[in-house]
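Asker: First, the structure itself, so that you have it in front of you.
The values are calculated or read from the model by the stated rules, or taken from the named source; none is laboratory data. This one's a predicted model, so the numbers in the text were calculated from it and none came from an experiment. Cβ coordinates were reconstructed from backbone atoms using ideal geometry, including for glycine residues, and neighbour counts include every protein chain displayed.
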């Protein structure tokens with residue numbers, strides 16, 4: 001999770017709360033102000049019992065709930081927007097008893113793990129994602145949303161959003177934003193004139209539309225009376241045969257990691273660290289120095305510019321397209337370092353994307369897990 005670098009004018013004034021909305025409450029542990037939709041206290045991390053359900057604005061304008069009490073779904077390209085199928089009632093990991101609506105075991109009282117803390121997605125055999133809260137944070141404010149056609153190497157959409165830890169409801173907003181962007185990119189199949197340059201230009205337009213929709217979803221999932229608006233980063237890749245298009249806002253990243261040859265960090269961070277690197281500071285010093293994770297652009301109500309950086313590259317060798325949050329690249333920032341890591345873990349995972357995504361998350365947790373972790377992968381054979 002990253003921090004804002006506030007520049008220029010302050011955040012837009014909040015609209016008054018709608019009639020009948022729940023009044024702000026306070027955390028029972030530390031007495032900090034909380035909203036009726038929060039699941040954890042931002043001040044002390046104590047679990048809360050939300051009394052209202054936050055809704056995400058679907059692409060067709062209809063509202064549908066973002067349910068954090070069930071696993072997050074992935075979709076196949078061509079299905080359109082999809083919600084997760086209902087799952088069996090959760091059971092207590094300690095005693096096997098039923099977990100109540102408040103998230104606690106009705107038999108022994110143990111707090112149940114939230115499905116939002118760790119989830120995986122695999123819409124096709126060659127595409128997968130894993131998202132995890134890490135070790136040190138009380139909740140998972142990262143989110144992934146992926147989609148793919150089943151034939152390997154045909155078409156895939158990978159999206160990662162990283163909620164800003166200092167803003168309220170970023171866990172809900174990041175998930176809403178990632179899903180909204182995914183659905184736009186699934187529904188948009190720009191081909192241009194068929195030549196690489198034309199396809200790339202058409203993809204750039206699709207990314208702009210997806211980012212705008214993601215930003216709208218983040219805003220829609222921000223409490224109207226919040227003085228600390230939900231916000232998140234954004235990174236996405238669309239793989240179409242031998243072409244990968246990419247976009248980002250903030251410091252979540254897109255990498256191309258071939259099995260052999262030069263690995264590439266395709267995206268370019270909107271961050272203080274990247275500014276320092278451009279000034280000649282070494283990557284190691286910039287990414288470990290003051291305000292290393294302060295971002296200069298983000299999605300959210302208080303964002304003054306959420307236009308994405310976009311680009312594309314032709315793929316000429318077998319390898320992996322990786323979209324990830326800083327919870328992963330914190331520990332292996334340079335493309336060549338991630339390439340070596342992925343090669344080693346991929347061998348142990350049998351070259352399969354889902355075991356590899358989970359292995360990357362497990363590896364980041366083994367390094368300290370100081371942030372939420374997301375890894376979305378597409379394999380080019």
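Asker: Of the conditions (1) crowded, with 23+ Cβ neighbours inside 10 Å; (2) modelled with pLDDT of 95 or more, residue 264 fails just one. Which one is it?
Answerer: Checking residue 264 against (1) crowded, with 23+ Cβ neighbours inside 10 Å; (2) modelled with pLDDT of 95 or more, the one that fails is (1).
Asker: Residues being modelled with pLDDT under 95 and either under 21 Å from residue 147 (Cβ atoms) or buried (at least 18 other Cβ atoms within 10 Å of the Cβ) (or both): count how many of those fall in segment 316-329. Break it down into steps so the answer makes sense when it comes.
Answerer: Step one: list which residues in segment 316-329 are modelled with pLDDT under 95, which gives 316.
Keeping just the survivors that are either under 21 Å from residue 147 (Cβ atoms) or buried (at least 18 other Cβ atoms within 10 Å of the Cβ) (or both) gives none.
Going through segment 316-329 one residue at a time, the tally reaches 0.
Asker: Here's a follow-up. Within segment 342-351, restricting attention to residues that are touching a strand residue (DSSP E or B) at 6+ places or on another chain (Cβ under 9 Å) and buried (at least 17 other Cβ atoms within 10 Å of the Cβ), which residue is farthest from residue 374 (Cα to Cα)?
Answerer: Our first condition is that a residue be touching a strand residue (DSSP E or B) at 6+ places or on another chain (Cβ under 9 Å); within segment 342-351, this holds for 342-343, 346, 351.
If we keep only those that are buried (at least 17 other Cβ atoms within 10 Å of the Cβ) as well, we get 342, 346.
Working: 342: 14, 346: 17 Å.
Checking each candidate, the answer is 346.
Asker: List the strands (runs of 3 or more DSSP E) that sit entirely inside segment 106-200 and contain at least 3 residues that are out of contact with any helix residue (DSSP H, G or I) (no Cβ under 7 Å at 6 or more places or on another chain).
Answerer: 118-124, 155-162
Asker: How many residues does segment 231-257 contain that are outside any strand (DSSP E or B) and surrounded by fewer than 24 Cβ atoms within 10 Å (Cβ to Cβ)? So that I can check it myself, show each step before the final result.
Answerer: The initial filter retains those residues of segment 231-257 that are outside any strand (DSSP E or B), namely 233, 241-242, 250-252.
Imposing the further condition that a residue be surrounded by fewer than 24 Cβ atoms within 10 Å (Cβ to Cβ) reduces the set to 241-242.
Count: 2.
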